[in-house]
Each structure stands twice: as C-alpha cells, then as structure tokens.
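Heads up, the thing below is written out as structure tokens.
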Amino acid sequence: MTSPAPLTALGRTVEFADGTTAQLRYSLGALALLEQRHGGIDGVLKTFEQIDGTDSLSGVVIGPMLELIGAGLTGSGGFVPHVTERVTPIREETPDGRKTTRDVREVTAVRYVRASDRKELGDLLDLKGFDQLVEAMTGAFAEAFPQGEEAAPAGPITDVTLPDTFRGTSSTTSAPSPSDAQTQPSGT
C-alpha cells in the first residue's frame, strides 16, 4: 500500500490576510470544476496565460484569478464552491403541435467559501501578494500536469502482484457451433 504523503505534499501554500494558510493543489476535482467553467483545459490554460502574462492589473484579471485559486483550494484546502446560476425557461413547440418547456441553466458566478468559518476567498486575499499568488497558481498547476516521469513528483513506487484470475489463465472458450445447428424457438 502506498503512502498518501506524496499527494498531500503537492501544491503550494497560500497565505491569507487573516494570517491563516491553505494548500493550493489542482486535483482532478479542481480541474473538473475549471473545465466546466472555462470550456475545457484549453480555456483554463488561456486564463492562466492571461493572468500570468500580466505585469499590471489591466483587463479582467481578478474574477478569473479568484476562480483559479478557489478551485485549487477545494478539497484539502478547505474551500467549497458556491454556484449562482440563472435559469431561463425556453418554450418550444414540437412537430406534433405540443408545447414544451425546458430550463436552460447558465452559471453567473462561482464564489469559494472556507468551510471552517464561512469566509469568502475574495475577502481573504489582497493585492499586495499578487505576484506570490500568481507564482503559487503557476507552480501548483505545473505539478498537476508533469511533463514525463522526470518532472513527476517523487514518491514511493509500489509493485502490485495480480492474481492469475486477472490475467485470464482460468478462462476457457468453447468451439463455435456449426451454422446449420438447430436452435430452439423461444417460448417453447
């Protein structure tokens, strides 16, 4: 059995304005949240590039940055996403003349709230640590996508021995039946 230490060692520490810290790590759950919000990993990468390539706070940077940090703080970081969505009823008429209504949901905002004290992420961060936040996000995101085994985080390797039944040694096959073989009709 492997130790969970390598997984919890991943990520970067983020310090908040109230003096507390949390571990920023992009787990599969965090990446799934970002994929849904940004339309796939390509959209997430574009958002990272938009923030990381900025020397100033021009353009729309703060909202996407809070989403990226918040997703990385879900789970072991202690934050929970709160989604606000707009539901729009769409009324349609089917080809046979029936009228139907379906709801179209659109996410309008995602706020990340610390589970322990219900404080919002945006209230816990300030701009004086902007460069450190960008560095932490970039480092944690790079750990989520290691480039080959050399860049993957080091951890114990465990060999797993599979029983023979997993290799198919106990399975048998029968010869195919001839094509002119009589078959029983069903229900008799």
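The values are calculated or read from the model by the stated rules, or taken from the named source; none is laboratory data. Worth saying up front: this structure is predicted, and the values here are computed from it rather than measured. Cβ atoms come from the backbone with ideal geometry, glycine included; neighbour counts cover every protein chain shown.
If only residues of the stretch 78-104 that are loosely packed, with under 10 Cβ neighbours inside 10 Å, in contact with a strand residue (DSSP E or B) (Cβ under 9 Å, 6 or more places away or on another chain) and of a type in the set (K, R) are counted, the one that is farthest from E67 (Cα to Cα) is K99. Assessment of the stretch 147-170 against the conditions (at pLDDT 55 or above and surrounded by 10 or more Cβ atoms within 10 Å (Cβ to Cβ)) yields no matching residue. Within the set G97, G129, G139, G77, the sole residue that is at positive phi and small (G, A, S) turns out to be G97.
Among the conditions (1) farther than 15 Å from A22 by Cα; (2) loosely packed, with under 15 Cβ neighbours inside 10 Å; (3) hydrophobic (A, V, I, L, M, F, W, C), F141 misses just one, which is (2). Scan the stretch 1-39 for residues that are outside any helix (DSSP H, G or I), modelled with pLDDT under 85 and either among the hydrophobic types (A, V, I, L, M, F, W, C) or out of contact with any Leu (no Cβ under 7 Å at 6 or more places or on another chain) (or both) and the total you get is 6. Hey, does the stretch 106-119 have a residue that's assigned to a loop (DSSP other than H, G, I, E, B) and basic (K, R)? Scanning the stretch 106-119 turns up at least one residue that is assigned to a loop (DSSP other than H, G, I, E, B) and basic (K, R). Candidates in the stretch 89-105 are the residues that are outside any strand (DSSP E or B) and not small (G, A, S); of these, the one that is farthest from E35 (Cα to Cα) is D96. If I ask for residues that are charged (D, E, K, R), more than 26 Å from the chain's Cα centre (by Cα) and either under 25 Å from T20 (Cβ atoms) or modelled with pLDDT under 90 (or both), which ones from the stretch 51-106 would you list? Once the filter is applied, which keeps residues that are charged (D, E, K, R), more than 26 Å from the chain's Cα centre (by Cα) and either under 25 Å from T20 (Cβ atoms) or modelled with pLDDT under 90 (or both), the stretch 51-106 yields only D55.
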